[in-house]
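Let me begin by presenting the structure, written as structure tokens, before commenting on it.
The values are calculated or read from the model by the stated rules, or taken from the named source; none is laboratory data. Because the structure is a prediction, the values reported are computed rather than measured. Neighbour counts are summed over all protein chains in view; Cβ atoms, including those assigned to glycine, are modelled from backbone coordinates with ideal geometry.
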Amino acid sequence: MSNYHIKHLEEYWQVYRNSVRNPENFWEEIAEEHFLWRKKWTNVLSWDFAKPEVKWFEGAELNITENCIDRHLATRGDKTAILFEPNNPDEETLHITYKELHERVSKFANVLKSQGVEKGDRVCIYLPMIPELAVSVLACARIGAVHSVVFAGFSSTALATRINDCDCKMVICTDGSYRGNKTIDLKGIVDEALKSCEGVSTVLVAKRINSEIVMQDGRDKWLQPLLDKADTVCKATIVKAEDPLFILYTSGSTGKPKGMVHTTAGYMVYTAYTFKNVFQYRESDVYWCTADIGWITGHSYIVYGPLANGATTVMFEGVPSYPDYGRFWEIVEKHKVTQFYTAPTAIRALAKENLDYVNKYDLSSLKVLGTVGEPINEEAWHWYNDNVGKKNSPIVDTWWQTETGGIMISPIPYSTPTIPTYATLPLPGIQPALMDENGNEIKGNQVEGRLCIKFPWPSMARTIYGNHGRYRDTYFSAYKNNYFTGDGALRDAVGYYRITGRVDDVIIVSGHNLGTAPIEDAINEHPAVAESAIVGFPHDIKGNALCGYITLKETGEGRNHDNLSKEINQLITDRIGPIAKLDSVQFTNGLPKTRSGKIMRRILRKIASKDISNLGDTSTLLNPEVVNELIEQAGL
Ligand code: 7RM
């Protein structure tokens with residue numbers, strides 16, 4: 001029997017050791033016992049990081065939607081698969097059972113077929129967080145089409161780039177979307193994008209906000225009438241283990257976005273296994289990940305991982321601040337959410353607000369709290385732990401990437417003792433390594449270096465769409481025979497990992513390597529500070545000096561900035577040392593963030609260096625107006 005469900009720490013270590021000693025046996029047993037295969041593999045793994053080429057479960061045939069839906073029908077047909085919570089709390093929650101999901105996906109898949117979509121074709125999905133998003137993703141998978149979900153907050157330029165890069169022939173969108181008390185004209189954005197996308201012959205439009213939109217004759221079709229006519233049965237198209245399942249774009253530090261290609265069997269096995277263990281999902285649990293399906297977190301841990309386990313997964317259309325800052329907690333209470341998974345940026349935003357918003361609700365259903373997306377600072381960790389978890393729910397700080405497909409380093413809740421800011425231990429099958437500047441592995445504990453992965457895991461991206469050379473150069477050339485993550489990390493005395501941030505966030509000041517995270521942690525301790533970001537800028541003597549961009553809490557507004565700067569530098573001196581003091585401080589109303597909540601330090605670096613001639617790709621910014629404000633403030 002394989003060890004699919006880890007329940008205590010000794011078991012983790014035993015499973016982990018076994019997974020490293022014999023990775024192929026380890027994954028083969030899990031694959032064999034927990035999934036539905038139409039044909040078994042002939043070879044578990046073949047790999048060569050020099051090419052690079054990785055294949056898992058070669059020879060196997062399957063359909064991932066049979067694993068996520070059909071096989072649950074007999075035992076869980078009436079169980080809620082997707083619990084849809086709309087933007088507006090007055091609108092009704094929707095409970096979509098596995099049976100209903102099966103019918104919806106089948107119908108949608110038949111519509112895709114009727115519109116000429118075939119196995120291997122790329123379909124761009126540009127939808128808000130409504131059931132059609134999950135359903136269309138699964139409908140593509142049902143017929144072996146490759147979905148490319150583009151987050152429906154991206155601009156028309158960003159959308160067009162992504163449609164063209166992988167030659168999508170179809171776009172699926174809505175008339176518009178709700179975001180808090182605003183609506184967004186999604187169809188207008190699609191129309192603008194398609195002016196430069198010749199390959200798109202069909203646009204399927206779902207109605208969401210009932211706005212007046214222009215339908216282009218021959219190209220645009222309302223989804224609902226097509227669904228009404230569609231057959232409720234759609235035989236799953238059986239695909240090969242290494243057939244592509246989806247493409248998902250991730251922004252590079254420069255240049256055009258990278259279309260990461262994920263394949264079918266390995267991705268399914270890994271996301272299912274990690275979902276089960278990292279969230280300790282039990283049959284009657286209600287799991288909620290607040291991410292958007294437009295990000296990898298939503299693909300792996302709203303759709304595929306949970307559904308492969310027959311789970312109930314919440315899909316939330318709205319934002320944390322509407323109708324007020326209690327919305328998340330209201331939903332937790334209403335649906336008795338057991339696992340709650342969100343991002344540090346959301347936690348910090350909520351921590352800025354009155355605690356009454358949290359305390360008003362009964363959060364006692366919660367068993368596991370998760371975080372992902374960036375290093376979580378200590379203050380945010382404690383706020384989450386104290387006020388949401390009531391010191392009673394373990395926090396899983398899950399480190400992973402779009403490229404890794406699934407969670408790589410994370411505590412197993414109720415097994416791994418947690419420490420704030422530590423992602424702790426590698427999951428079974430994951431072999432991390434820390435590297436020094438000369439490309440050598442740093443062995444032992446209490447060391448810091450660049451984080452690599454030495455051995456393939458089932459859900460790793462196989463290539464960058466249309467550019468295998470870039471895939472090799474970006475991930476497999478810095479450290480021979482290793483996958484390079486782009487992150488720095490330290491390993492403490494007991495072997496726990498702490499991710500210190502992107503390696504490009506390391507700033508060398510007077511010859512000292514300073515990570516941005518600990519300095520930001522120190523600044524954030526100041527009671528008036530809401531959020532901060534540190535960047536380096538050229539300095540005649542130090543090489544680099546530090547500039548801090550700081551947003552204040554309501555309580556800090558109106559305070560004298562010179563005094564605040566002094567207090568903040570004193571905190572940094574106390575926590576890290578005078579070497580890490582800021583040479584320049586800019587108080588601001590906001591920090592430039594990507595739509596997935598990551599601070600775009602690249603832009604701050606430019607402003608701090610007083611070089612704004614070329615700000616690079618800003619199409620993924622959530623709040624471009626902040627950039628102008630910062631530029632003005634800096635007198636540039
Ligand atoms: C899942 C996701 C990947 C980058 C990654 C890190 C950072 C993500 C954590 C984290 C510290 C974490 N995919 N990151 N999780 N840093 N602790 N728990 O976010 O492709 O969008 O981003 O995000 O730098 O390389 S992603």
In the set Phe484, Phe476, the lone residue that is crowded, with 16+ Cβ neighbours inside 10 Å and touching a Cys at 6+ places or on another chain (Cβ under 6 Å) is Phe484
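Among the residues of the stretch 97-117, is any assigned to a strand (DSSP E or B) and farther than 14 Å from Met170 by Cβ?
So the first thing to find is which residues in the stretch 97-117 are assigned to a strand (DSSP E or B), and the list is 97.
Now drop any that are not farther than 14 Å from Met170 by Cβ, which leaves 97.
There is at least one residue in the stretch 97-117 that is assigned to a strand (DSSP E or B) and farther than 14 Å from Met170 by Cβ.
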Filtering the stretch 294-338 down to residues that are within 16 Å of the ligand (Cβ to nearest atom) and polar (S, T, N, Q) yields Thr297, Ser300
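Take Ser415 and tell me if it is surrounded by fewer than 23 Cβ atoms within 10 Å (Cβ to Cβ), farther than 30 Å from Asn18 by Cα and among the small types (Gly, Ala, Ser).
Values: surrounded by fewer than 23 Cβ atoms within 10 Å (Cβ to Cβ): yes; farther than 30 Å from Asn18 by Cα: no; among the small types (Gly, Ala, Ser): yes.
It is false that Ser415 is surrounded by fewer than 23 Cβ atoms within 10 Å (Cβ to Cβ), farther than 30 Å from Asn18 by Cα and among the small types (Gly, Ala, Ser).
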I'd like to know if the stretch 577-591 contains one or more residues that are out of contact with any strand residue (DSSP E or B) (no Cβ under 7 Å at 6 or more places or on another chain), among the hydroxyl-bearing types (Ser, Thr, Tyr) and modelled with pLDDT under 95. no
The stretch 353-439: strands (runs of 3 or more DSSP E) wholly inside it with 3 or more residues that are more than 9 Å from the ligand (Cβ to nearest atom), in contact (Cβ under 8 Å) with a residue 12 or more places away in the chain and within 30 Å of Glu28 (Cβ to Cβ) are 432-435
Across (1) outside any strand (DSSP E or B); (2) within 16 Å of the ligand (Cβ to nearest atom); (3) within 30 Å of Lys51 (Cβ to Cβ), Ala517 clears everything bar (3)
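May I ask you to say which residue of Ser365, Ser393, Ser410 is among the hydroxyl-bearing types (Ser, Thr, Tyr), buried (at least 18 other Cβ atoms within 10 Å of the Cβ) and over 20 Å from Ile296 (Cα atoms)? Spell out how you get there, then give the answer.
Working: Ser365 fails: buried (at least 18 other Cβ atoms within 10 Å of the Cβ); Ser410 fails: over 20 Å from Ile296 (Cα atoms).
After ruling out the rest, the residue left standing is Ser393.
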Among strands (runs of 3 or more DSSP E) completely within the stretch 184-292, the ones holding 2 or more residues that are of a type in the set (Phe, Trp, Tyr) are 244-250, 286-289
Taking the stretch 570-622 and keeping only residues that are closer than 28 Å to Leu159 by Cα, surrounded by 14 or more Cβ atoms within 10 Å (Cβ to Cβ) and without any contact (Cβ under 8 Å) to a residue 60 or more places away in the chain, one is left with Gly590, Pro592, Met600, Ile603, Lys606, Ile607, Ile612, Leu615, Thr618, Leu621
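For the subset of the stretch 453-491 comprising residues that are within 20 Å of Leu514 (Cα to Cα) and not charged (D, E, K, R), which member is farthest from the ligand (Cβ to nearest atom)?
Leu490
Yes or no, residue by residue, for (1) buried (at least 18 other Cβ atoms within 10 Å of the Cβ); (2) over 24 Å from Ala351 (Cβ atoms):
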| position | (1), (2) |
| --- | --- |
| Ile508 | no, yes |
| Gly515 | yes, no |
| Ile523 | yes, no |
| Ser532 | yes, no |
| Gly536 | yes, yes |
| His539 | no, yes |
| Thr551 | yes, no |
| Glu554 | no, no |
Going through the stretch 570-610 in order, the residues found to be in a strand (DSSP E or B) and farther than 11 Å from Tyr549 by Cβ are Lys593, Thr594
The residue from Pro527, Pro458, Pro518 that alone is within 28 Å of Phe26 (Cβ to Cβ) and in contact (Cβ under 8 Å) with a residue 12 or more places away in the chain is Pro458
Every listed condition ((1) in contact with a strand residue (DSSP E or B) (Cβ under 7 Å, 6 or more places away or on another chain); (2) in a helix (DSSP H, G or I)) holds for Glu567 save (1)
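Look at Glu448 and say whether it is surrounded by fewer than 19 Cβ atoms within 10 Å (Cβ to Cβ), of a type outside the set (S, T, N, Q) and more than 16 Å from the ligand (Cβ to nearest atom). Lay out the reasoning, then the answer.
Values: surrounded by fewer than 19 Cβ atoms within 10 Å (Cβ to Cβ): yes; of a type outside the set (S, T, N, Q): yes; more than 16 Å from the ligand (Cβ to nearest atom): no.
So Glu448 does not fit the description; no.
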How many residues of the stretch 312-352 are among the acidic types (Asp, Glu) and in a helix (DSSP H, G or I)? The answer is 2
Pairing a residue in the stretch 465-486 that is assigned to a helix (DSSP H, G or I) with any residue that is modelled with pLDDT of 95 or more and basic (Lys, Arg), where Cβ atoms lie under 8 Å and the two sit 6 or more apart in sequence or on different chains, gives Arg472/Lys51
Scanning the stretch 70-94 for residues that are touching a helix residue (DSSP H, G or I) at 6+ places or on another chain (Cβ under 9 Å) and either closer than 26 Å to Gly318 by Cβ or of a type in the set (Phe, Trp, Tyr) (or both) gives Lys79, Thr80, Ala81, Ile82, Leu83, Phe84, Glu85, Pro89, Thr93, Leu94
Requiring at least 1 residues that are in contact (Cβ under 8 Å) with a residue 40 or more places away in the chain and within 26 Å of Tyr471 (Cβ to Cβ), the strands (runs of 3 or more DSSP E) wholly within the stretch 1-89 are 43-48, 53-58
Restricting attention to the stretch 250-267, the residues that are closer than 16 Å to Gly294 by Cβ and either away from the ligand (no atom under 14 Å from the Cβ) or at pLDDT 95 or above (or both) number exactly 3
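Can you tell me which residue is surrounded by the most Cβ atoms within 10 Å (Cβ to Cβ) among those in the stretch 341-361 that are more than 11 Å from Ala380 (Cβ to Cβ) and hydroxyl-bearing (Ser, Thr, Tyr)? Full working, then the answer.
Within the stretch 341-361, the first condition is being more than 11 Å from Ala380 (Cβ to Cβ), and the residues that meet it are 341, 353-361.
If we keep only those that are hydroxyl-bearing (Ser, Thr, Tyr) as well, we get 341, 357, 361.
Values: Tyr341: 22, Tyr357: 19, Tyr361: 16.
Checked the stretch 341-361; the qualifying residue surrounded by the most Cβ atoms within 10 Å (Cβ to Cβ) is Tyr341.
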Scanning the stretch 547-576 residue by residue, those under 31 Å from the mean Cα position of the chain (by Cα), over 14 Å from Pro527 (Cβ atoms) and at pLDDT 95 or above turn out to be Cys547, Gly548, Tyr549
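Return a yes/no flag: does the stretch 157-173 have any residue that is charged (D, E, K, R), out of contact with any Phe, Trp or Tyr (no Cβ under 8 Å at 6 or more places or on another chain) and modelled with pLDDT of 95 or more.
Taking the stretch 157-173 first, the residues charged (D, E, K, R) are 162, 165, 167, 169.
Cutting the leftovers down to out of contact with any Phe, Trp or Tyr (no Cβ under 8 Å at 6 or more places or on another chain) gives us 167, 169.
Remaining after also requiring modelled with pLDDT of 95 or more: 167, 169.
Yes, there is a match, as at least one residue in the stretch 157-173 is charged (D, E, K, R), out of contact with any Phe, Trp or Tyr (no Cβ under 8 Å at 6 or more places or on another chain) and modelled with pLDDT of 95 or more.
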Do we find that Val286 is under 21 Å from the mean Cα position of the chain (by Cα) and either buried (at least 24 other Cβ atoms within 10 Å of the Cβ) or within 16 Å of the ligand (Cβ to nearest atom) (or both) in this structure? no
